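Following: one structure in structure tokens, then a few remarks.
The values are calculated or read from the model by the stated rules, or taken from the named source; none is laboratory data. Note that the coordinates shown come from a computational prediction; the quantities given were computed from them, not determined experimentally. With ideal geometry, Cβ positions are generated from the backbone for all residues, glycine too; neighbour counts draw on all protein chains shown. Keep in mind that these areas ignore ligands, DNA and RNA; they rest on the heavy atoms of the full protein, side chains included. Shrake-Rupley method; radii C 1.70, N 1.55, O 1.52, S 1.80 Å.
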Amino acid sequence: MAALLAALLVAPRWWLLATDPPAGIRVATSPWGADHQGADEAQYYIVTRRAYDGDLPVRDPVLSDHVQPPQGDALPQEVIGTLSRPFRDIFPGIAIAVTLAAFMGFLLLYVLAVDVAPPLLAAASLPIVALIAQVYTQADGFVALRHVAVLRAVMLLDPPRQFHVWGRFAAPVMLLLPFFGAVITIPRAVDTGKRGWIAAAALSLAILVYSYFFYWTAFALALAGWLAYLVLRRDLAAARRLAAVGVVAALLASPELVSLVRQSLTMNADPRIRLGVDPSVGIDFSALIRVIERLVLGVPLVWGLRSGRRRDAFYAALFASPLMIVCVEGVFPQPWHDLTVVWSVFAVPAAVTGAAGIAGRLWPRTPRAIARFGMPLVAAAALVGVLHLAVLQVRATRDVNAAFALSEDEHAAFSWMAEHVRSGETVVSTSVTTNQLLAPLTPASLYVPDGFLSRVDDQELFDRYLRASAAFGYDEQITFSRIDPALGGADHLPPYELRYESFMAYYLTNWEVVIDPQRIAARMPALRERFRALKLSSSPLAAYPADYIYCGHRERFWPGSHAAPGTRVRVVFHRGEATIYRISDASDSASEPFAGCG
């Protein structure tokens, strides 16, 4: 069952690896291929490429002219990048790594389930867990299923252009192994005090610290609660063992922890808000309904935790810690991740296996007539889970198939840049999608960088975008329709891919435009004045390093004329709709004024 479910989770990767797209040439990443999660996948791919190129530890790839500390949470990408080198391609490395991680994750989940339920029930619980996790991700809980549109999407297995919750990211699926490994090893370390278990528990926690902020913070809060519980019970020997696990893990992860503390202390307000840290600390009462619903799901878990074992308190704390985090504003970045990719990973399996454990204990006492139909019903539920995941992945793969591809013209242009553009040289593009493809597929730096990955303030990010737009000749209405929250983006973007080109505000400021759009809107009058001045200025790109200009179908989609003067270029690559210009100066006799993409 573990092998089957792992295969279904990672099948899209193998399918994309083994097949050709409907048109164009296959690439390993797409910023819009898995709906809004495609942008996150593209960011993971950037870090993976840096590791593949030997840049270890991986450093912030955006705005490379700035001195940046190592990239946080980069261990999964560093593993994939290193693993990919023998294949001379990153795509096979991703497929192999997530396959092994998914299989081992489900296998460890079975180890947890069989500890409280009979083997057949434990095996049957695995696909039921996958089914419920997907429903919670897609519908944000069972309460939302009262809406016909939400219920219909779930019942008809509409994948909303996304892979399953554990397969659409490189990081979480890679971390199923150490996550469930920590759930298994920490209680055994506390119970036995054996050095082997303590070392395994500390190593699992340290890997989580190096890999995924949302996992290890939930673990840290749960362990702190468990430690307090052990102390209050005067179970001091167990408390000392748990403290030893925490200390060893902190020592192993100290370079990452020091880097995180340093970044937090030196980061100004703009990057913090872009990361989703609300500027004010308080209680998010809007999350209470979702939290209460999830607490109800924990009833089987609580019922099954009546054995009095030490680990029961740990399981309860880990069930509750993501729910506590999501209720607090201004402390943790993007706390909604604790519901989508933390809580469901442990709490859903815990609730399902808790229910299976109750059923296993009650089984011998049930009337024979009921027992006769019990296992077929469980098997049927498991079959539904398997079929749901299989159909969901098939449909998602079909829907995103064309997205993981470039046209032959654009692929040739990106291949040229991968070969000729040196690390640190900057490419100018005004396209959200182009920039998120340039970063992972070429060694280029970005003139208009993804604000989420940059520690600079918003003023510089907007200034870079306005300068590029002025150089490309876009008018004021087009330029501000992409960044002004009051305008709501541009209308009438026919191809689905170009829908994301209107999300420049989100690209530059990430969650700032979600949690504090008024802050961005207040900047618009001054930015408009700034743009009008740039349109009349000479060489608007010269304020920041700029070496190449890329013009493709996305850049040409926006009608541009009257480019700001002073930018001289010469064509170094041209094929179909893809043109690459080298920025020159007046001494280059082969150069000419840049008149926009045309």
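Structure values in brief
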{"quantity": "Qualifying residue in region 80-87 (condition: farther than 29 Å from S264 by Cβ, modelled with pLDDT under 85 and of a type outside the set (K, R))", "calculated": "no"}
{"quantity": "Selection within region 556-598 - touching a residue at least 60 places away in the same chain (Cβ under 8 Å), out of contact with any strand residue (DSSP E or B) (no Cβ under 6 Å at 6 or more places or on another chain) and within 22 Å of E419 (Cα to Cα)", "calculated": "R575, G576, E577, A578"}
{"quantity": "Tally of residues being hydrophobic (A, V, I, L, M, F, W, C) and within 20 Å of G596 (Cα to Cα) across region 446-469", "calculated": "5"}
{"quantity": "Residue under evaluation H388, criteria (1) over 24 Å from the mean Cα position of the chain (by Cα); (2) within 30 Å of L131 (Cβ to Cβ), criterion not met", "calculated": "(1)"}
{"quantity": "Listing of helices (runs of 4 or more DSSP H) fully contained in region 200-289 that carry 2 or more residues being aromatic (F, W, Y)", "calculated": "213-232"}
{"quantity": "Restricting region 363-383 to residues that are open to solvent by 80 Å² or more (accessible area, probe 1.4 Å) and not aromatic (F, W, Y), the residue that is modelled with the highest pLDDT", "calculated": "L383"}
{"quantity": "Enumeration of residues in region 79-99 that are free of Cβ contacts under 8 Å to residues at least 40 places away in the same chain and surrounded by fewer than 19 Cβ atoms within 10 Å (Cβ to Cβ)", "calculated": "T82, R85, P86, F87, R88, I96"}
{"quantity": "Selection count, region 542-563, where residues are crowded, with 22+ Cβ neighbours inside 10 Å and under 14 Å from R464 (Cβ atoms)", "calculated": "2"}
{"quantity": "Any hit, region 57-74, residues being modelled with pLDDT of 80 or more, closer than 26 Å to R554 by Cβ and buried (at least 17 other Cβ atoms within 10 Å of the Cβ)", "calculated": "no"}
{"quantity": "Close pairs (8 angstrom Cβ cut-off, 6 or more residues apart or separate chains): among the aromatic types (F, W, Y) in region 189-205, open to solvent by 20 Å² or more (accessible area, probe 1.4 Å) anywhere", "calculated": "W197/R188"}
{"quantity": "Residue that is nearest to I483 (Cα to Cα), among those in region 508-534 that are part of a loop (DSSP other than H, G, I, E, B) and under 22 Å from the mean Cα position of the chain (by Cα)", "calculated": "N510"}
{"quantity": "Residue count, region 310-358 (criterion: modelled with pLDDT of 80 or more, of a type in the set (S, T, Y) and open to solvent by 10 Å² or more (accessible area, probe 1.4 Å))", "calculated": "1"}
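Every residue, every condition in (1) of a type outside the set (A, V, I, L, M); (2) under 21 Å from R532 (Cα atoms); (3) open to solvent by 10 Å² or more (accessible area, probe 1.4 Å); (4) modelled with pLDDT of 85 or more, yes or no:
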site	(1), (2), (3), (4)
P449	yes, no, no, yes
D463	yes, yes, yes, yes
A468	no, yes, no, yes
D491	yes, no, yes, no
E497	yes, no, yes, no
F503	yes, no, yes, no
L508	no, yes, no, yes
V514	no, no, yes, no
